[in-house]
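Bear in mind that the values in this text are calculations on the coordinates, not laboratory data. Note that the structure is predicted; figures quoted are calculated from it, not measured. Because the Cβ atoms are built from the backbone with ideal geometry, glycine has one as well, and the counts that use them run over all protein chains shown.
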Amino acid sequence: MKLISAVVPCYNEEAALPYFYKEICDVTRHPRLSEYEFEFLFINDGSSDETLTLLKDMAVRDDRVRYVSFSRNFGKEAAMLAGLTEARGDYVAILDADLQDPPSLIPEMIEYIEAGDETGKRYDCVATRRVNRVGEPPIRSFFARRFYRIMNRISKTDIVDGARDFRLMSRAFVDALLELKEYNRFSKGLFGWVGFETKWLEYENVERVAGETKWNFFKLLLYSFEGITAFSTVPLALSSVTGILLCLVAFVALIVIVAKTLIWGDPVGGWPSLACIIVFTAGVQLLCVGILGQYLSKTYLEVKNRPVYIIKEKNTESSK
Ligand code: UDP
Ligand code: MG
């Protein structure tokens, strides 16, 4: 029998977990999945509520339940990496604990990987994207859309708007992801970077079943910077181009001023304009140094080579 690992990052999900567990258990009884075994791999990302106690209870009652508990909150990216590393399945699915990623899509996903689509084309990965963002604050949707638009302009890696981290992957795909050892992980980009054939399923946005979202605007903004620096060096090129352009402008202005003085003997006036120019150039310089700093800081973190997460306890050993 083939094994499907369901990787579930959990951060303060005590309210949503019981619903999630019930739903995923229902899915495992789906007729199309009768030939498969399951393991549910929960990653407790340093929750401060009763998430871990709940997981331990579940593990006692159901031996398909595995948990890995971090020593503190390391973020969803770290939790997903831990899940992929620990998963033993022939197929691995990543799902949110809040049921925003409907587990009921798993049978269909398995079908695409095992049997292929109508034309018989087989896939290594079946990913999902939301076709709308109902229930999300409009300002968040607006910036999310801008982010994907800019990202796809400045990066060669395809990053799909509305793509969720919810996907089912073959072992080959997971192993390829695990080859990427980087510290600053931006999975939405990494999934595209490794290649393989990906089938996209679309679904309407579902609101979280219980509990609260762990992302605020500022966290998302920082995460978007992560994505940009991890998958594009265009900002660096832009700052060089801005520098060149400003030099050109300054050069032309210099010639104009010299010529004017020589021909008409104008006294050089206008210190307000001078002040504006100084402030403007200083601003541009700081902006460019800031961009450079973003890349440098990421490089710094990479070079330190710290582990992405630290496991405090888990109930099973990984196969590797
Ligand atoms: N999550 C996590 N660590 C974090 C933040 C979130 O493991 O630091 C998990 C969370 O428990 C959930 C998933 O990541 O299962 C998605 O989080 P959330 O639903 O808060 O994000 P949203 O759906 O609002 O984007
Ligand atoms: Mg959610």
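Of the candidates 233, 53, 28, which one comes out as most mobile in a Gaussian network treatment of the chain with C-alpha springs shorter than 10 Å?
53
Between residue 38 and residues 5 or more places away or on another chain, which pairs have amide H atoms under 5 Å apart, with H built 1.01 Å from N, and which residues are they?
For residue 38, the qualifying residues are 4.
Taking Cα pairs under 8 Å and at least six residues apart, what relative contact order does the chain come out at, in percent?
23
Would you work out the charge dipole size for segment 34-73 about its Cα centre, treating the Cβ of every Lys and Arg as +1 and the Cβ of every Asp and Glu as -1, and quote it to the nearest 20 debye?
Using Cβ point charges on Lys, Arg, Asp and Glu, segment 34-73 gives about 200 debye.
Given the pairs 2/22; 199/312; 214/298; 22/188, which span a C-alpha to C-alpha distance of over 32 angstrom in this model? The partial results should precede the final answer.
Values: 2/22 22 Å; 199/312 36 Å; 214/298 23 Å; 22/188 28 Å.
Violating the 32 Å Cα-Cα cut-off are 199/312.
Kindly provide the GluC sites (Glu not before Pro) of segment 7-53 that DSSP labels as loop, not H, G, I, E or B, and whose Cβ sees at most 15 other Cβ atoms within 10 Å.
Sites meeting the loop and neighbour criteria: 35, 50.
Report the relative contact order of segment 146-261, percent, no decimals, based on alpha-carbon pairs under 8 angstrom and at least 6 residues apart.
Values: 47 pairs, mean separation 39.7, N = 116.
Relative contact order here is 34 percent.
Determine the dipole magnitude for the chain: charges of +1 sit on the beta-carbon of Lys and Arg, -1 on that of Asp and Glu, nothing else is charged, the reference point is the Cα centre, and the result goes in debye to the nearest 20. It would help to have the intermediate numbers written out before the result.
On the way: 39 positive and 42 negative charges, 236 e Å.
About 1140 debye.
Using the Cβ atoms and a cut-off under 10 Å, what net charge is assigned to the surroundings of residue 314, where Lys and Arg are +1 and Asp and Glu are -1?
On the way: positive: 66, 312; negative: 86, 313, 317.
Around residue 314, the surrounding residues sum to -1.
Among 109, 58, 80, which one shows the biggest mean-square fluctuation in a GNM of the chain, springs joining Cα atoms closer than 10 Å?
It is 58.
Can you work out the Karplus-derived ³J(HN,Hα) for every residue in segment 133-150? Use 6.51 cos²θ - 1.76 cosθ + 1.60 with θ = phi - 60°, whole Hz, and x for glycine or proline.
Values, residue by residue: 10, 4, x, 9, x, x, 5, 5, 4, 4, 5, 4, 4, 4, 4, 5, 4, 4 Hz.
Charges on Cβ only, +1 for Lys and Arg, -1 for Asp and Glu, centred on the Cα centroid of the chain; of 269, 15, 240, which one is farthest towards the dipole's positive end?
Towards the positive end, the residue furthest out is 269.
Restrict the search to segment 122-224; then list the trypsin sites (Lys or Arg not before Pro) that DSSP places in a loop and that have at most 11 other Cβ atoms within 10 Å of their Cβ.
Answer in residue order: 156, 181.
Please list the non-local residues whose amide H lies under 5 Å from the amide H of residue 201, H modeled 1.01 Å from N, same-chain partners needing a gap of 5 or more.
Close amide H contacts, sequence-distant or interchain: 127, 128, 129.
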